[in-house]
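What follows is a set of notes on a single structure, which appears directly below.
The values are calculated or read from the model by the stated rules, or taken from the named source; none is laboratory data. This structure is a prediction, so every number in the text was calculated from the model and none was measured. Ideal geometry is used to build each Cβ from the backbone, glycine not excepted, and the neighbour counts take in all protein chains shown.
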Amino acid sequence: MEAREQAAWAGGVVRALREEIGRAIVGHEEVVHDVLVCLFCGGHALLEGVPGLGKTTLIKSLGQVLDLVASRIQFTPDLMPADIIGTNVLVPEETQQAGAGAESRRYVRFQKGPVFANIVLADEINRATPKTQSALLEAMQEQTVTVGGTSWRLDPPINVLPTQNPIEMEGTYPLPEAQLDRFFFKLALGYPSASEISSIIDRTTGEPPAPLRKVVDAEGIRRLKALVREVPLAGHVRDYAIRLGLATRPGTEADTDLVSRYVRYGASPRGPQTLVLAAKANALFDGRLNAGFDDVKAAARQALRHRILFNFEGEAEGITPEQVIDDVLERTPAVQE
Amino acid sequence: MHGRGQNGARPGRANMSDLRAEFKFRVARLRRRARLDLLLRRSTAGLFFGLLPGLVAASLAGTITLPVPALPLAAASAAAGLAAGAVSALLARVDRRRLLIQADAVLGTREVISTALELERKPGGVFTDAILEDAAGLLARTAPRIILGRRRLVLAPFALLAAVLTAAALLFPVDFRALFPQRTDQEKELAQIGENLRQKGEKLAEDARAQDLGRSLELSQQLAQLGRDLADRKITPEDALDRMSDLESGLSREYRLREQLVQPNASGVPGTSSGEPGQPGDSSPGSGDQGQPGSAEAGKDSGQPEDPALKDLGDALDQLRRAQRDLGGKGEESDQAQVPERPRRQRGPSTAEPGQGLPGGDSGPSGRPGQDQGRSGQGQGKDSEERPGESGGSGVGSLPAPQKRGPASDIIGGNRGPGLAAQGSAGEGDSTRLLARALPEWTGSKLPEEAILNSYSQQAESELARDEVPLKLRQAVKEYFTSIGITK
């Protein structure tokens, strides 16, 4: 297939995915787009939003349209790592000789946990203890699970989509910055508008909607993921992504006044890395053959907001990461003189 | 043609080398155009800056003698500037990457063209061919002028103007010395006079401010302002003379007032009281009555210590009069040799008030003969002498002075001298009447009040004794002095 046709195919797949998911999810088009970017870039997205905004529905819909295995884990304080990754259990082995003389032997068998799925919804991940959180995060990063000295490889694609509730912080274990940095995107779900709520009510209080159709199979997903990485990106666009990342760090030449005053730690190298990859995906999903400055800018908020850590003054002033990112975008020239 | 397929057609998509060649060709064309723009810009700038020395040389050619003729100098300078601009443009590097980023920005092509530049050097990827094709197509469809923008030769009009001016300067040489004539000696002297007056006025103003003398302060400031205006050539010498005349009157009056307070027996205004009668009570009979014109040394001859502020005032007056004299000589020397006599005061019959001298610079070298002849026995020596150097006026008082002194409380200021009656009959000569009911302001005088009042009381009694004074007025004067507790 020629390059243009491949790009057109990719754009068409993503459009179809969005339309099909849109049948189940009202609104949140940008979040759906960003989840797809994460999916085809091989990253994981942390979803943040109050209950009832359709996070679980989104993940389930994604599983249906992609023909992938989706699972959901409700994180609670007493959740153990084994509850996520699985555990060894003793299983009796039946012998050929039945009857009184028959011997009953038992052996250990690995019982896979819910992490063995392609799309894992880790609901309210900040309610579990750090030990349990890190078990999931290890699976996310390494895509393997080791139990009792045996490593089990997870079937790709693996996309973990944890959710966080920004309210009710009592008795929670917020994710440490090091673990937050592992997420490709952090997506914020806002409240739907009145018209969207009206659509939600129409859809959920009438006849049950028709099941979602499968848009793309595992092979298609693999091809699309490979195609994203083929999208070329000019050197000066890459430099721009790097400068954006650097600008979020206080004490660098590129930092802004807001950053130097309120930010304690800025984006790690994963920040620009994410920006470049997401820019490529954005360009491809748009049916274009190369990524540009606008594609980088479009990914900046999602890619950088969880990588910015405020100092005391920033916390006290109530500065948000979005303010800092917007400031950085405004003050960082696309082309350096 | 570079990178073109056969018959100039766009290269086939499958032919990678053709695609690269086509893209390179388009970029090279854009680059050549950019260099041409740069060449024109820098050459224009070089020409402009090269023309400037030529313009200066051509402009000065009429004024000074140049070591090299202006025309070859201007031509060589312009040529050198032009060449320097052109060479710098040819040596400058036209950055392809920057050029293509600009193309992307202008065309809004989302970095397709600049990405193609990088892909052109790299081995092909999935999208390389398509991007190169797109970029080459975009560059082919777009005129370089659109990408590079309108050619703006900002300095071109200035270069043209400089060339025209240079040519004009060469054709019509101008001697700049003729445009800026130097100040004449006379103007310099006027400026010096003004400066002197300003300094004196400011010094006087300081003293007046320190002593809280309102009228003196006002006069001093006027004097300083006059000096400034004269130094800055804001006023004509004629106007300056008018203002000086007014100021002189005021300062004279002020001087006399203060002198009387400091030295009740002194009444001569410096340099003005040529032969003016002295104050009653002075103990050098005869010495002052002769009125030696032009030699007065008022105050000093009396042996009394001179008040510094009074001296300053006297100096200022001297200065002003000198300036008047000088200015009259400078400003009107073409018309007349001397400063015309200015009406500094009203002059009435000398009988009006006995013993009143004429203050100010109008007392000429001849003084006021005859005025000081009366009452010689009262000894008004110090008052009758002029201050040194103040003999510039023309003698105005050729008439005998009044025989009697007038009431001192009635006439204090103006041109009244001390209360000595001069010889002469009433109704002759000039005099000035000024009525001072009270001292205008606090002068800082430490003179005992009783001394003045006693003197005034005696004068009042003698005057009251005259037959001409109506009875009812006699009573009023008597009541006045009785009320203040002096007259018994």
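Among the listed residues B:L55, B:L40, B:L66, identify the single one that is farther than 30 Å from B:T128 by Cα and surrounded by 21 or more Cβ atoms within 10 Å (Cβ to Cβ).
Values: B:L40 fails: surrounded by 21 or more Cβ atoms within 10 Å (Cβ to Cβ); B:L66 fails: surrounded by 21 or more Cβ atoms within 10 Å (Cβ to Cβ).
Going through B:L55, B:L40, B:L66 in turn, just one is farther than 30 Å from B:T128 by Cα and surrounded by 21 or more Cβ atoms within 10 Å (Cβ to Cβ): B:L55.
Going residue by residue through the stretch A:163-172, is there one that turns out to be touching a Leu at 6+ places or on another chain (Cβ under 9 Å), in a helix (DSSP H, G or I) and under 25 Å from A:G113 (Cα atoms)? Scanning the stretch A:163-172, I find no residue that is touching a Leu at 6+ places or on another chain (Cβ under 9 Å), in a helix (DSSP H, G or I) and under 25 Å from A:G113 (Cα atoms), so the answer is no.
Among the helices (runs of 4 or more DSSP H) confined to the stretch B:170-251, the ones with at least 2 residues that are farther than 30 Å from B:L60 by Cβ, outside the structural domain of B:A58 (by TED's automatic domain parsing) and small (G, A, S) are located at B:185-211, B:214-231.
No other residue among B:A105, B:A130, B:A34 is within 20 Å of B:R145 (Cβ to Cβ), within 14 Å of chain A (Cβ to nearest Cβ) and assigned to a helix (DSSP H, G or I) apart from B:A105. Residues in the stretch A:58-73 that are over 14 Å from the mean Cα position of the chain (by Cα), within 17 Å of A:K214 (Cβ to Cβ) and among the β-branched types (V, I, T): 2 in all. Within the stretch B:186-223, the set of residues being basic (K, R), farther than 19 Å from B:L257 by Cα and either in contact (Cβ under 8 Å) with a residue 12 or more places away in the chain or surrounded by 21 or more Cβ atoms within 10 Å (Cβ to Cβ) (or both) comprises B:R198, B:K200, B:K203.
In the set (1) exposed (fewer than 15 other Cβ atoms within 10 Å of the Cβ); (2) touching a Gly at 6+ places or on another chain (Cβ under 8 Å), the condition left unmet by A:E322 is number (2).
Evaluating A:L187 against the criteria (1) within 19 Å of A:Q74 (Cβ to Cβ); (2) surrounded by 15 or more Cβ atoms within 10 Å (Cβ to Cβ) leaves one unmet condition, (1).
Suppose we filter the stretch A:270-292 for residues that are surrounded by fewer than 20 Cβ atoms within 10 Å (Cβ to Cβ), touching a residue at least 24 places away in the same chain (Cβ under 8 Å) and assigned to a helix (DSSP H, G or I); how many remain? Steps first, please.
Of all residues in the stretch A:270-292, those surrounded by fewer than 20 Cβ atoms within 10 Å (Cβ to Cβ) come to A:270, A:273, A:286-287.
Filter again for touching a residue at least 24 places away in the same chain (Cβ under 8 Å), leaving A:270, A:286-287.
Checking which are assigned to a helix (DSSP H, G or I) leaves us with A:270.
Matching residues across the stretch A:270-292 total 1.
Looking across the stretch A:192-213, not a single residue is farther than 23 Å from A:A16 by Cα, of a type in the set (D, E) and part of a helix (DSSP H, G or I).
Note on the stretch A:1-50: residues that are within 14 Å of another protein chain (Cβ to nearest Cβ) and either in contact (Cβ under 8 Å) with a residue 40 or more places away in the chain or in contact with a Gly (Cβ under 8 Å, 6 or more places away or on another chain) (or both) amount to 7.
Scanning the stretch A:298-310 for residues that are within 18 Å of A:V228 (Cβ to Cβ) and surrounded by fewer than 24 Cβ atoms within 10 Å (Cβ to Cβ) yields a total of 1.
Screening the candidates B:L60, B:L100, B:L55 for the property of being away from chain A (no Cβ under 12 Å) and at pLDDT 90 or above yields one hit, B:L55.
Among the residues of the stretch B:135-145, which ones are out of contact with any Asp or Glu (no Cβ under 6 Å at 6 or more places or on another chain) and touching a residue at least 24 places away in the same chain (Cβ under 8 Å)? Answer for the stretch B:135-145, where residues must be out of contact with any Asp or Glu (no Cβ under 6 Å at 6 or more places or on another chain) and touching a residue at least 24 places away in the same chain (Cβ under 8 Å): B:A135, B:G137, B:L138, B:L139, B:A140, B:T142, B:P144, B:R145. Residues that are aliphatic (A, V, I, L, M) and away from every other protein chain (no Cβ under 14 Å) within the stretch A:292-324 comprise A:A299, A:A300, A:A303, A:L304, A:I308, A:L309, A:A316, A:I319, A:V324, listed in sequence order. The condition of being in contact (Cβ under 8 Å) with a residue 60 or more places away in the chain and surrounded by 16 or more Cβ atoms within 10 Å (Cβ to Cβ) holds for only one of B:L170, B:L107, that being B:L170.
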